[in-house]
Amino acid sequence: MMKRFSRCCTKAWLAFGLVLAMLAVLLSGASLALAQDPAQPLYDEGMAQYEWGDYDQALATFEELLAQHPASDLADDAQYMIGQCYAQRERYDDAVFAFYTAAYGYPQSDRADDALVALGGHLYGQDHMPQALEAFEQLVKDYPQSEHAAYAQTSIGWLYGGMGDVERAKIELEKVATDYPDSPYAEVAEVSLEELIALEPLIALEPYEPSFPAYLLLFGVAGMAGLGFFALLMILLVTRRRPAPAVPPPYWQPPPVRSSTRTLADTLITPPPEEFVERRPPGPPETLD
């Protein structure tokens, strides 16, 4: 009886050890598969270059990753980082295109919400308010549990207010406190809502839009004023009096002669060279008595 029990225990331990060995093999195979992603070295290199501030080189590395490994699990991350590189280089049009590709080209990616919030922010910075509104609404609709959802909902309220739709702005700002009460943007939305209510009379004023004849009259008056100014300028340029050219003084003028007994050397301020001084011929030699 004891021998049978010991044999059962031995078999149980062997089975348990076999299960542990199989689990170890599976885990090592999974880790090996993760470590063998061919795009990982390029991604790590690009991130290191980005963190060091070498955005041009990082951009080239991420683009190389997409060219060599378009089906990699890191392709969406590389596309998002391409947008960040463009933004750091202040190439905002290229950044918008890169973020758009990351958001809508990889909708199942965990980077899609990051790309949408970056896309909306850059579109708003370039005064493309309807397009920015669309990006933020897409984020709230598709990724309501995202960490950016509360910010996106608050931005939706701001954008409607900026475009003059006060009632819709109130509704969207109230959703922040309702849907995201624990978010720090709930308080921000509440303050924004109070300011919006205070400014509602000014926002609701419709701007004056002159009719077509008023525009025509304005353009006509501006054109006539421009032609009159141009004609006056031409008259002034043509009829202005030009000053007479100054007569240059002569190179040298002889000074006035004060006495007929003075020689040329006496009249000059600066004595002339010796060869120009008047010379008298020598007289006859004196004779001795």
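Coordinate-derived values only; no laboratory data. Keep in mind the model is a prediction, meaning the values are calculated, not measured. Ideal geometry is used to build each Cβ from the backbone, glycine not excepted, and the neighbour counts take in all protein chains shown.
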Item to check | Summed side-chain charge close to ALA60 - residues other than ALA60 whose Cβ falls under 13 Å, Lys, Arg +1, Asp, Glu -1 | outcome: -4
Checklist entry - Given a Förster distance of 45 angstrom, what is the FRET efficiency for LEU199 paired with MET234, based on the Cβ-Cβ distance and rounded to 0.05? => result 0.35
Next on the checklist: Highest mean first, how do 98-104, 226-232, 127-133 rank when packing is the count of other Cβ atoms within 10 Å averaged over residues?
Outcome noted: 98-104, 127-133, 226-232
Checklist entry - Assuming R0 = 35 Å, what is the FRET efficiency of ASP182 and TYR92, from their Cβ-Cβ distance, to the nearest 0.05? => result 0.60
Next on the checklist: How much length would be gained if the chain were fully extended between LEU227 and GLN131, taking 0.36 nm per residue of separation minus their Cα-Cα distance, in nm to one decimal?
Outcome noted: 30.4 nm
